[in-house]
Amino acid sequence: MKALEEKGIGRPSTYAAIMTTILAREYVEKVEGRFHPTELGKTVNDLLIEGGFADLFNESYTARMEEELDSVEDGKLKWTDALHEFYEKFSKDLVTFTDYTKRVKNEEIPTDEVCLKCGTKGMVRKRGRFGKYLKCLKCEATRDAEPKAATNGADGKEAAAGGEEAAEPEVCELCDKPMQMKRGRFGPFLGCTGYPECRNIRKVAKSGVAAPAPVPLDEKCPLDDAQLVRRFGRFGEFVSCSNYPKCKYIKQELTGVKCSRPGCKGDLVVKKSKRGKVFYGCSAYPDCDRVYWDKPVLETCPKCNEPFLLEKTTRKQGTFRYCANTECGYRSNESETSKAPKAKSKPKKTVPAG
């Protein structure tokens with residue numbers, strides 16, 4: 001922020017938005033209170049500069065643009081003139097950039113790297129959506145060009161920077177092939193080098209800590225009779241078949257309440273949204289899309305005989321239950337409130353005139 005202020009880039013009111021944006025788009029990562037550029041950030045920066053947008057990343061140009069915006073605000077410059085001056089050059093640069101990216105996408109730089117899947121030497125370096133990566137021309141396996149060491153749990157130790165040998169790669173618990181660091185739309189992860197035959201993956205946190213291997217349980221999968229395991233995914237722990245994702249069975253937490261939709265034979269189970277919020281949905285999804293944000297309780301509604309109630313807790317009203325049928329309107333504390341004796345109002349004091 002001090003450097004932005006010294007170079008005349010942005011305004012104090014926009015500094016926080018700048019920091020938030022580059023973090024949200026994963027152009028940088030925050031480590032021990034400091035920003036460090038990610039591989040994605042470096043790739044975006046290099047492509048835009050090499051592709052013809054170097055002037056947009058020029059500090060003096062950005063500062064001059066801020067001055068023009070101030071002039072527009074003060075009425076000294078027409079906003080149409082400022083926009084025309086910018087877009088006239090930008091439209092030409094955009095054509096140059098489009099041609100450049102097509103050329104770079106097909107560019108293949110030979111290396112001496114050995115493919116972990118088929119053992120062929122001579123992988124090529126390419127550029128993709130998430131940065132540079134290596135690709136085998138024989139089996140088309142891919143991996144990060146500069147993989148980072150990932151620790152396995154809190155007690156693991158990362159390979160030290162500065163020339164020390166990297167730690168032994170993780171081994172896939174399904175096919176015993178080495179795992180390798182990859183990057184997808186949800187961030188870094190460990191993927192099996194046997195892909196696509198083996199699609200086993202493990203999540204890697206921003207700190208570089210890899211999720212532990214699946215923990216076997218004393219239960220069998222109802223679909224293929226394989227062993228169930230406890231896994232760690234994007235939304236936390238879950239229990240699935242050991243052959244997942246080949247077998248897509250995932251054990252769901254039951255509430256003991258049947259779905260009341262006519263013709264549906266599903267159960268209401270505990271689920272989590274993308275933001276981690278708990279909700280309750282039908283196990284027959286997507287055939288049945290019935291959901292509730294409050295916990296279903298196996299208690300018949302005394303007003304309309306609905307087979308279950310919903311339980312909710314608020315600060316003002318405490319815990320109460322209400323009917324799942326929106327047309328009923330029953331609430332467990334309404335009758336108690338109506339029966340409660342009303343407090344007697346104290347007589348008002350009369351103030352004598354004069």
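Any read-out appearing in this document is the output of simple, stated calculations on the displayed coordinates, not a laboratory observation. These figures come from a predicted structure and were not determined experimentally. Please note: Cβ atoms are built from the backbone with ideal geometry, for glycine as well, and neighbour counts cover all protein chains shown.
Please list, in order along segment 117-128, the HN-Hα scalar couplings obtained from phi with the Karplus expression 6.51 cos²θ - 1.76 cosθ + 1.60 (θ = phi - 60°), rounded to whole Hz, x for Gly and Pro. With the stated coefficients, segment 117-128 comes to 8, 10, x, 6, 8, x, 5, 9, 8, 10, 10, x Hz. Taking a ≥ b ≥ c as the square roots of the Cα gyration tensor eigenvalues, segment 295-338 comes out oblate, since a/c reaches at least 1.5 and a/b does not exceed b/c. Basic side chains Lys and Arg get +1 at the Cβ, acidic Asp and Glu get -1 at the Cβ, and with that the dipole of segment 295-338 about its Cα centre reaches some 240 debye.
Spin-label model, residue 83/residue 17: points 7 Å from Cα along the beta carbon direction are separated by 1.7 nm. Distances between placed amide hydrogens fall under 5 Å for residue 272 paired with 279, all partners being 5 or more residues away or on another chain.
Summarised as an ellipsoid, segment 1-89 has semi-axes of 27, 18, 10 Å, derived from the eigenvalues of the Cα gyration tensor scaled by 5 and square-rooted, with the largest first.
First measure r as the distance between the Cβ atoms of residue 31 and residue 6, then evaluate 1/(1 + (r/R0)^6) with R0 = 35 Å and state the FRET efficiency to the nearest 0.05. All intermediate terms of the calculation are to be shown ahead of the outcome.
Details: r = 24 Å, r/R0 = 0.68.
E between residue 31 and residue 6, to the nearest 0.05, is 0.90.
The string of couplings for segment 30-44 from the Karplus curve (6.51, -1.76, 1.60, θ = phi - 60°) is 9, 10, 6, x, 10, 8, 10, x, 8, 5, 5, x, 5, 5, 4 Hz, one whole number per residue in order, with x for Gly and Pro.
Which entries of 251/277; 30/126; 177/271 have Cα-Cα distances beyond 21 Å here?
30/126; 177/271
Can you tell me the relative contact order of segment 2-105? Whole percent, Cα pairs under 8 Å, sequence separation 6 or more. Mind dumping the intermediate values first?
On the way: 57 pairs, mean separation 25.5, N = 104.
Normalised by residue count, the contact order of segment 2-105 is 24 percent.
Our coupling estimate for segment 303-320, obtained by passing each phi through the Karplus curve with A = 6.51, B = -1.76, C = 1.60 and θ = phi - 60°, is 9, 10, 6, 4, x, 8, 10, 10, 9, 9, 10, 10, 5, 6, 9, x, 9, 8 Hz, Gly and Pro reported as x.
The length gained on full extension between residue 64 and residue 218, counted as 0.36 nm times the residue separation minus their Cα-Cα distance, comes to 48.7 nm.
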